[in-house]
Each structure stands twice: as C-alpha cells, then as structure tokens.
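Report on the following structure.
The values are calculated or read from the model by the stated rules, or taken from the named source; none is laboratory data. Note that the structure is a prediction, hence the values are computed from the model and not measured. Positions of Cβ are backbone-derived with ideal geometry, glycine not excepted, and every protein chain shown enters the neighbour counts. For accessibility, only protein heavy atoms count, side chains too; no ligands or nucleic acids. Shrake-Rupley method; radii C 1.70, N 1.55, O 1.52, S 1.80 Å.
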Amino acid sequence: MNKQQLASKIWASANKMRSKIEANEYKDYILGFIFYKFLSDSEESFLKGKDWSEDDFPELKEEDEEVVKFCQRGLGYFISYEHLFSTWINKGADFQVANVRDAISAFNRLINDTHKKVFEKIFDTLQTGLSKLGNSAGSQTKAINDLLILIKDIPTHGNQDYDILGFIYEYLISNFAANAGKKAGEFYTPHEVALLMSEIVAHHSENKEKIEIYDPTSGSGSLLINIGQAVAKHINNKDNIKYYAQELKENTYNLTRMNLVMRGIKPFNIVVRNGDTLEDDWPYFDENDKERTYLPLYVDAVVSNPPYSQTWDSENKESDPRYSRFGLAPRGKADYAFLLHDLYHVKPDGIMTIVLPHGVLFRGGEEEKIRRNLIEENKIDTIIGLPSNIFFGTGIPTTILVLKQNRENTDVLFIDASKGFIKEGKNNKLRACDIKKIVDAIFERNDEIPKFARKVSREEIRATNYNLNIPRYIDSSSSDESWDIYATMFGGIPNIEIDGFANYWNVFTSLRSKLFKSDDTPYSTIVVDDVKSSILNNDDVKSFTEKYNDSFSDFEEFLKSELLDNMKTLSIQKEEHIISKDIFSRISQTSLVDKYYAYQLLDNEWVKIAIDLEIFQTEGFGAFRQVDPNMVTKKIKSIETEVQDGWVGHIIPFELVQKNLLTEDYESLKIKEEKLSVIPSNFEELLEQLTEDEKETEVLNDANNAFVVKEVTRKIKELRKEEQTADIKEFLLKLVKVEKLITEEKKLKSEIKKETLALINKTRETIESLSEDDIMMLLELKWIKPLYLSLAKIPDNIINNLTAKIKALTEKYAVSLVSLDGQIKESEESLSSLIDELEGNDYDMAGLREFQTLLKGE
C-alpha cells in the first residue's frame, strides 16, 4: 500500500474502534501511541547504526548508566528493552495496560536535561486518558492492544520526501477534525488553507538562508509544519529553519511537539511553550545570560489561526508593547489582540498571515480605530476572502490578512476568493488551482483582475472610514440574466447579448458573421442549423486548435526528459512548479485558455505521480518490479477479518501491464466478461415473455423476478412428457432458451474465474521480470499520457462551451410571444371547428357552445 492507502485503512479501523469515545479525545490516544512507536523505533535504528544487533537489545536496561547516557546524548531520551514498542508487540497475550503506564513513567524520568522542553510531560494526555479506553484493566488492555496492532506496520523511517509517518499523522488529525465538530478548530487548520498561507510566506522568504517561524496558537502544529515545508523548497539546509510554537491547551500543545519531532526537525530547532498567548507573551531568555534578561522574540514569519472572537481580559493592557501602538481589541472579541500580538513579533523584513472572521474587516468601535492605525502605518498588505464552510465546525466566512512591518507600496490588495472551491461532504475545499490563482495575484500584484482582485489606494480606504469589507472594493457577484422585451415579443437575438461573447469573437474573428445575420436593427438571427458543426468547420477555429496542438507537439518529450530521465534526482517538491511553468509558457500565446484550469489538470495527475516518485526514490528501481498482496476486509463468522485477495502492483498497476504486455489474454477475458454482462438482460427479456399462467409455475422465485435453476430443469422434463399442445410447446421453447442461458452463464463464470486467476499470476510474473525498457514504457503510459491527453482536450472544451452558450441564447428567443399568440389563436380556431362537428344532447351542446365562446375570447 502507498501512504494514502495505508492512512485510509488505519483511519477506517480507528474510527470503528473508538466506538462512543469522542473523536476529539480518541485522537490523543492513537496519535500518542504512534508517537511512542516513533521514539521507540528511532532508538532501535540509532543503536543499529552504532553496531548494535537485535540480540543486544535485551541489554537495554535503566541500570546500565553508560547505555542510558549514550542514548540520551544521541536521542535526548532513553527507553529500556522492556518498554520498547516492539517488546509490547512480542508480549502478545501477556501485554497489559500497566506496561504502558510503567513505560510512560520511565520515559519522563529518563529525558535528557537538554531535551526537557521538547519531551517533558509529552505523554501526559495519553496517560491520563487510558482509563477512558475501558471500564476495567482488561478492557483497557484489549483496546490498547487493538490500537498497537493497528499501527504496528506504520514505517517510521524514510527520507524527508517520502514522509509516510508524517502523512499518516496529518491524515488522521484531519479526519478526526472532520468528526470533532466545533472542537476541530482547537487543533486543526484545513490543509489547503495551510498550503495557501505557506506559499505566501515561502514566496516572501525565498531569498533567505535562515528563517525563524512562529505560531502563537499552534494547535496540532500542522500549520507551522506546512510553512516549514514550503520554505524548505528555497533553503538548501533544512536545519536552518527554526520553529517556535505556543499553545494554550495541554493536549494540543503535546500534539504540536509530537508533530514537529516526527517530521525529523532537530530538537534544537524546536522551541515550544504551553501558555496563554494573550495573557503571557513569549518569555524568551538568552540561555547564556545568568540574569535571564527578557529578550523580545522577533521572527521572519508569524502564522496563526486563532480562536475566533473569543473573550479576553483587556484590562491594564494599554502599556503592553504589543498593543500600545495600534489600540486595544474590545473585551468581547480578541481577534485584533491576536493580530497585533503576531505583528509585534515580526522582524522589519518579515511577514505574517492570520486567519480571522470577516467581521474584523468592518466592525466599528475599537476595531475601527485599530484598522485606521494599521492602514495609516502601512502594515496591511493583502486581504483574502475565503469561501464559507471551509473550516470544520463553523460555516462563518473567514479572511486571511497578510501584514508586513515594512512595505514600499501603500495600497492594499483585496482578493475575493470566495467563489473558488470544490464541495467535499459538508465542507468547501480550496483546489490547487484556487491556491495558485490567489498566490499569483499576490505576487504579480496587478491593478485589477475583474471580479477577483483589486489594488485599492489608501485614499479610497480613507473615504470609506477604513471599512475593509471586500464587497466594497470588488463586485464578484454573477450578472443577473436579462431578457430583451422586443426580442421576447417579436423575435430576433439582441446584438448586445451576442457581444457578451466578445472574448470568443476576438479570437474567432470570422465566426460571428458565419453564425448570425444582422440588419440595421439591434437584433440578429441565427443562420445555421447545426451550430457545433459550423463552429468546428470555421477556419479561425481550426487555426486556433492547430496552434494549440502545435504548442504541445513536444510536450510528451519534455515530460519524458523531466520525469523519466531525471526521476532519480528530481526534487518532488519543486517539479510540479517546473512543469507548470512549461505549460503556462506553451499556452501564453493562446487566448481563451484558462491557465488555472490547465494547472488543476496538472495537479490532478501530479498527486498520483508524486506518490510513485516518492516510493521509487525511497525504495529504488526494484519497486517497479514489486507486487504486493491485495488485502481486503471480509466478514468471516460475523467478524471483519483482513484476508488476501490476489495481488497488486507496488507501483505498476496490473491492468496497465495486461492491456499493453498481455493484450491477447486481457482482451479474451474482457470479451467473455462482456458476454456475461448481457446475460441478466436476456433473462429479463425471457421472463417478460412468460404468460401470467406460466409465471404462476415454480420456475420463478417468490418475487417473480428470477428463474430458479432446478425448477426450470424439472419443468422442462415434465413438459416433454405432456401432450405437445401449442401452449406447451411455446412454454417449453422459452424454458429451453432459459436453460441454455443458465448453462452459458455457468460456463462463462467458470472460464472467467479460471482465466482471471491465470492472468493475475501471469501479470505478477510479468511485473517481477519487467525489463527496464518495459518499465519506462509503462511509466510513460501511467504518468505522461494521461496528463498530455487531459491538456489536449482543452480546445474541445472551449468549443463545447461556446456551442452550449450559443444554443442557449438561440433557444432563449426562439419563440416570440407574438408568434406564440398566433399559434394559440390558430389552435383555438382549429379546436372550435372540431367542436362544430360534435353531436350531443341539449345540455352537452350548451356546454360546448359556451366553451367555443371562451376560445374565441367573446
């Protein structure tokens, strides 16, 4: 399984195992055990790197001071043999919940002094929560044992680019957040929002050799880690990134520390604190200063997603250097208190991004004064309006504010990104193209992108009394559909509505006159019967398509060079950007193509390509020739059990091999599967041919919707013995056809089962013996062809969109009210004349005459 499949499997099992325990609580238990496994496995790896063997591990005892000190110096902690995760697993039925309590107690006791801030009390949340896993020691032991078995196969080692453990940890946190309701906001920022903030910070900081980043409301630490990963793309040495984090709640503070440590961040680069950000600012001291003089913490980037509009104690804070310059946030809403705290800790050339509710942009009172001061002091750089329902547990619209200490420009960039998202369950989610479009708008900083972004001068903001509500500056609303009264009454298509397709007419200069005929009036008529055919056959449209195709003529070769020739050495984190730049360059001279749509097509494929590259770069070329057991969950005696169901390619899919290297066998099997698939409809046809009397016989099941095989055979024998009347012959003929179908179905199922098994085995052997040329051919089909083909469809999509728009416009005015009125009158007259021909009694005829009067409008 790749990391996504493994994470999905663990989440599905964990979600079932938690039973009635709240998701917000259960996450602390499973994530705590995963972290303990990480520390335990890390110690084993550390010792193996120092020439220890597994046979030596039983010598890991707390009484051996030399071994304890050796591990503490290298790792910052010591875990004895009896407390190793692997020892717990090996205990089997002898494992007890007491083993966990003893291990945590010993761990706390054996932390190196230099690592106290990172590891001290890190398992307190787990330890205090063990009692919630069951009502007795036995039930607690079973619950923990199930958890240990679930996570035991998570690999805790791998290079930084294939961080399986970190991915699974993040995946579990996000899924627990999705199930935690309003409490999700306490510990999780959606991954896509974190990515957006990360790209903004990374772009600003790309020329720095060292960088310090700080999250004062760190939650699980996911936002901070995303920032670090984005910044790492531009820094050669990842050890040059220092992480500062502060979190009020102890359980989420522990998550922050675990998350940072498991991402391979060195302890000397982790500075974390469990404290109240607003009440007690960062107490940072120079460790070499015996007098412990207070030093303000200034960093290159501050990022935060604080709790929204919470109450805070603003009393006696007027002289606090964080707030004295700009003002105090109102007691009932601490949003600006968090913002000003963040800004205070930003270096002169630094940047900060913060997520807040939309209300901070326009609320009055003290908040208006703070906005005024921030604008006049030129601190606010960008304001981004996010879609609603993007955060777990709240549907309120939110905004990202980007601030800098020193800015050359005095305008503010407003971005309305509220319309760019995809629906996923109950929540909205930013797509890769949405993030890319926002980031590009920030750093290209054009004057205006209609309905999306606009630079606004300080003077204009002053004129609105410092109201920063985004709709004041950007109208992103959709235009209401208008109806032309003349065209509605008399027909014709308004030229002004045809003008609405100007972006198409500017490219297809001759097309409008081919489709529409205009006279001296402001109206035109459609002059072609087949709109799509006329568009496709237009010379300008053909030229557009040819030009686009020409621009991608060598794109496959470019991708081969990038992905196949360089797959050992390419940077997975940077490669998508390299390919996107090439795509943007190719489409830059082709109008009508939305580059962000093209970017999304790239990202759709890149997600899958990146996983394969990560596996290859970690495991080597042999990964392409590897097959794995296909494990599925089946109910055996009412118990869900994991069993093997065939094989799957580790990287190369079985079906890809079958289609291209085992074509004859594959197509033969597919033909039989196709024959089998139509048999149910043949049975339905025969069933419908049965008379009601025939259906009353026992050849059908109780529901009368399927044949009973044994009864069909028995009935045929019975009918053959009876006198062959016409009815008997007809019924017998039907049943013989049914019997033949049953025989054919049984034969096909047997052959398909046999051939499927043979093809699976043959495919497995083929993958395990693939030549290098075959591997490259298959990777080209898996990685390159889908991306190329999806991009190649863009001209067709553009033409289809134009066709649909023109057809809709034509149909809108296809029938005028005048012509419709004429049709109604003609129908009324026709119906009236028909009534004249009718006969009836006096009462019938009186009623019909009155109806005729109504039809004639008399």
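For this structure, a couple of remarks:
- Gain upon complete extension [A792, T810; 0.36 nm per residue less C-alpha separation]: 3.6 nm
- Vicinal HN-Hα couplings computed from phi for segment 781-796 (Karplus, 6.51 cos²θ - 1.76 cosθ + 1.60; Hz; Gly/Pro x): 5, 7, 9, 8, 4, x, 5, 4, 5, 5, 5, 5, 7, 4, x, 4
- Taking all protein chains together, E448, E619, E170 sort by accessible area into E448, E619, E170, largest first [probe 1.4 Å].
- Length gained when the stretch L838-D55 is fully extended (0.36 nm per residue, less Cα-Cα span): 271.1 nm
- Derived scalar couplings between HN and Hα for segment 485-495 equal 5, 5, 5, 5, 7, 10, x, x, 10, x, 4 Hz in order, rounded to whole Hz, by the Karplus curve 6.51 cos²θ - 1.76 cosθ + 1.60 (θ = phi - 60°), x for Gly and Pro.
- Computed over segment 1-127, the P(r) curve from all C-alpha pair distances, binned at 10 Å from the origin, holds 11, 38, 33, 15, 2 percent per bin.
- Protection proxy ranking of 558-568, 369-379 - average other beta-carbon atoms within 10 Å, highest first: 369-379, 558-568
- Kirkwood-based shape ratio for segment 659-719, expressed as Rg/Rh from alpha carbons: 1.23
- Cα→Cβ-extended label distance, 7 Å offset, between H234 and T525, nm: 6.2
- Extension gain from N682 to I636, taking 0.36 nm per residue of separation minus the Cα-Cα distance: 13.2 nm
- Cα centroid separation - segment 246-264 against segment 541-569, whole Å: 44
- Pairwise centroid distance, computed over Cα atoms, of segment 1-57 with segment 59-137, Å: 14
- Highest average packing first - 454-463, 626-635, 222-231, Cβ atoms within 10 Å: 222-231, 454-463, 626-635
- In the context of the full set of protein chains, the chain has a per residue accessible area of 50 Å² (1.4 Å probe).
- Plainly put, segment 337-495 has a radius of gyration that is 1.07 times its Kirkwood radius, both from alpha-carbon atoms, as the Rg/Rh ratio.
- Distance between segment 673-695 and segment 382-448 - C-alpha centres, whole angstrom: 57
- Where only C-alpha atoms are counted, convex hull volume of segment 198-333 per residue in Å³: 133
- With the largest listed first and rounded to whole Å, the semi-axes of the equivalent ellipsoid of segment 771-839 from the Cα gyration tensor are 62, 17, 4.
- Paramagnetic reach from K675 in segment 711-742 [backbone N under 13 Å; point 7 Å along Cα→Cβ]: 741-742
- Here the peptides 531-543, 209-221, 672-684 are ranked by packing, the mean other Cβ count within 10 Å, and the order with the highest first is 209-221, 531-543, 672-684.
- If you plug the beta carbon distance of T569 and K785 into 1/(1 + (r/R0)^6) with R0 = 30 Å, you get a FRET efficiency near 0.85.
- Accessible carbon and sulfur surface of segment 265-420 relative to its total accessible area, %, 1.4 Å: 47
- Our coupling estimate for segment 201-213, obtained by passing each phi through the Karplus curve with A = 6.51, B = -1.76, C = 1.60 and θ = phi - 60°, is 5, 4, 5, 5, 9, 5, 9, 8, 7, 10, 8, 10, 10 Hz, Gly and Pro reported as x.
- One entry in [x] 50, 34, 30; [y] 57, 46, 29; [z] 72, 38, 23 is semi-axes √(5λ) of the Cα gyration tensor in Å calculated from the shown coordinates; its label is [y].
- Using a simple spin-label model with pseudo-atoms 7 Å out from Cα toward Cβ, K132 and N316 lie 3.5 nm apart.
- From largest to smallest, the equivalent ellipsoid semi-axes obtained for segment 727-858 from the alpha-carbon gyration tensor read 68, 38, 7 Å.
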